[in-house]
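Quick notes on the structure that follows.
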Amino acid sequence: MRYCVVGCGFSGAVLARHLARKGHKVLLIDERNHLGGNCHTYRDANTGIMVHQYGPHIFHTGDRRTWDYVRQFGNFYPYVNRVKAISGGRVYTLPINLLTINQFFGQTLNPHEARQFITEKADRNIVSPRNFEEQALSMIGPELYHAFFYGYTCKQWGVKPSELPDSILKRLPVRFNYDDNYFSHPYQGIPENGYTAIIENIINIENIEIKLKTSFEDIDEDFSHVFYTGPIDRYFNFRLGRLGYRTLSFDRFEGDGDYQGTAVMNYCDEDVPYTRISEHKHFAPWEQEKFSRTVCFREFSRLAGPDDAPYYPIRLAGEKRLLNDYIALARSTRGVSFLGRLGTYRYLDMDVTITEALAACDRMDTLLSTQQELPPFFTDPV
Ligand code: FAD
Ligand code: UDP
């Protein structure tokens, strides 16, 4: 049996390893010149600092199996993401917590008082929020929404928050204590030697042949099955149309010492053209003393064109209709399964791609042992 796995991100690496361990031959390809997919990290040539090429990546999960799995392949240092945000010329802490509320409104409220205060600001007429804006207004009221979410979200997504699903806002907690941990998961960290080293170790095993700088479209070989973690519409040569993505551009700059004193500074005002600045040495506090220089990236979001790297699936109503058409097409196509962020066109964090890939491996074992055909999707992408 020879399988092809398209994409050397976490999804592809986990699958390739599993197949190889079962004794199958695997061709693992990626059109990029590096492993790691969008989690790729490298040492910056000028400063020596570990850089997350496609934007800051913090590993966080609530799934013990995934946490144990990933730590087999390298050491993770504990890392808590504490995001700062500039709004109206002042610095605050995110996600919205008691300090944000007290600073923003010039108050000294305790948790109980803050909860009451925000409940009074929240729009009680919105019972079942239908979109991002309604969700925000019903949770935190207009002032905090406009200060922290409206401008940032318009820049990030290129549409008004009223056109976006409430699920995007639900990624962030609102806390009535001083906990400013951006994530709520129990397991959080950053790999000591970067994510690419972790992925290298996942696939450093017999039976896997790796080809970088190789597009699936250029492969002329038949396989027992193809596992495709690239964009689903691209697999079908965009024959039904293109699914929309946001892409990012990064404006690199470097200097001496410490530029902003923290890893991530969000810029929430609409008139600042970028969404955030990441200063990468702060993602590795265990080694930052080694570096006298610093390197930062301003992040600009825009609609992805045909030649841009797809970052965030947009998933507005039009895209969802098109996605459903591609799902139907995939279900009637034999010999290929779609996985991962691009293959299933969902806004997935790293841990979820690993959890889903591991679940796919479990299911694959059962199906292959009974000679059943593998399905186009191991997880429902809708
Ligand atoms: P990818 O990493 O996208 O890998 C797919 C690979 O397939 C790519 O390398 C691509 O080159 C290759 N490919 C596609 N089509 C083809 C083809 N036809 N032929 C050959 N190769 C092909 N998650 C977190 O958990 N924490 C974070 O802090 C976090 N921050 C993020 C910040 C940003 C800016 C973004 C965009 C995402 C962030 N994520 C974060 C999400 C994380 O990047 C994804 O969950 C993860 O990369 C998904 O892995 P994947 O293997 O499914 O896809
Ligand atoms: N968001 C915002 N202001 C912020 C941070 C986030 O409006 O300062 C919104 C924005 O729409 C973003 C969403 O909340 O897309 C989810 O935020 P998250 O930090 O999870 O975005 P990511 O890191 O995935 O880009």
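Wholly within segment 210-298, which strands (runs of 3 or more DSSP E) include no fewer than the required count, namely at least 1 residues that are among the basic types (Lys, Arg)?
Because the criterion is at least 1 residues that are among the basic types (Lys, Arg), the strands (runs of 3 or more DSSP E) in segment 210-298 that meet it are 245-256, 276-279.
Kindly list the number of the only condition in (1) of a type in the set (Ser, Thr, Tyr); (2) within 16 Å of ligand 1 (Cβ to nearest atom); (3) in contact with a helix residue (DSSP H, G or I) (Cβ under 6 Å, 6 or more places away or on another chain) that fails for Tyr69.
(3)
From Phe297, Phe338, which residue is crowded, with 21+ Cβ neighbours inside 10 Å, in contact (Cβ under 8 Å) with a residue 12 or more places away in the chain and over 21 Å from Pro376 (Cα atoms)?
Within the list Phe297, Phe338, the selection yields Phe297.
If we keep just the residues of segment 26-58 that are under 18 Å from the mean Cα position of the chain (by Cα) and farther than 25 Å from Ile210 by Cα, which is nearest to ligand 1 (Cβ to nearest atom)?
Residue satisfying both the conditions and the ranking: Ile58.
Looking at Thr100, is it within 16 Å of ligand 2 (Cβ to nearest atom) and farther than 26 Å from Ala197 by Cα?
yes
Among the residues of segment 326-354 satisfying the criterion of being among the β-branched types (Val, Ile, Thr) and within 11 Å of ligand 1 (Cβ to nearest atom), which is farthest from Phe216 (Cα to Cα)?
Val352
Would you confirm, using the coordinates I've provided, whether Ile96 is among the β-branched types (Val, Ile, Thr), within 10 Å of ligand 1 (Cβ to nearest atom) and crowded, with 17+ Cβ neighbours inside 10 Å?
Numbers: among the β-branched types (Val, Ile, Thr): yes; within 10 Å of ligand 1 (Cβ to nearest atom): no; crowded, with 17+ Cβ neighbours inside 10 Å: yes.
Taking the combined requirement at face value, the residue does not satisfy it.
Would segment 153-165 turn up any residue that is crowded, with 19+ Cβ neighbours inside 10 Å, within 16 Å of ligand 1 (Cβ to nearest atom) and more than 17 Å from the chain's Cα centre (by Cα)?
For segment 153-165, residues crowded, with 19+ Cβ neighbours inside 10 Å, within 16 Å of ligand 1 (Cβ to nearest atom) and more than 17 Å from the chain's Cα centre (by Cα): present.
Limited to segment 207-226, what total is found for residues that are more than 11 Å from ligand 1 (Cβ to nearest atom) and either polar (S, T, N, Q) or within 19 Å of Gly36 (Cα to Cα) (or both)?
Qualifying residue count for the region: 5.
Can you name the residue in segment 23-82 that is within 16 Å of ligand 2 (Cβ to nearest atom) and of a type in the set (A, V, I, L, M) and is also surrounded by the most Cβ atoms within 10 Å (Cβ to Cβ) among such residues? I'd like the intermediate steps shown before the answer.
Taking segment 23-82 as the starting set, the residues that turn out to be within 16 Å of ligand 2 (Cβ to nearest atom) are 37-39, 52-62, 79-82.
Adding the requirement that they be of a type in the set (A, V, I, L, M) leaves 58, 80.
Numbers: Ile58: 19, Val80: 13.
Result: Ile58.
A short reminder: the numbers here are calculations on the coordinates, not readings from a lab. Nothing here was measured: the structure is a model prediction, and the numbers come from that model. So basically every Cβ, Gly included, is an ideal-geometry build from the backbone, and we count neighbours across all protein chains shown.
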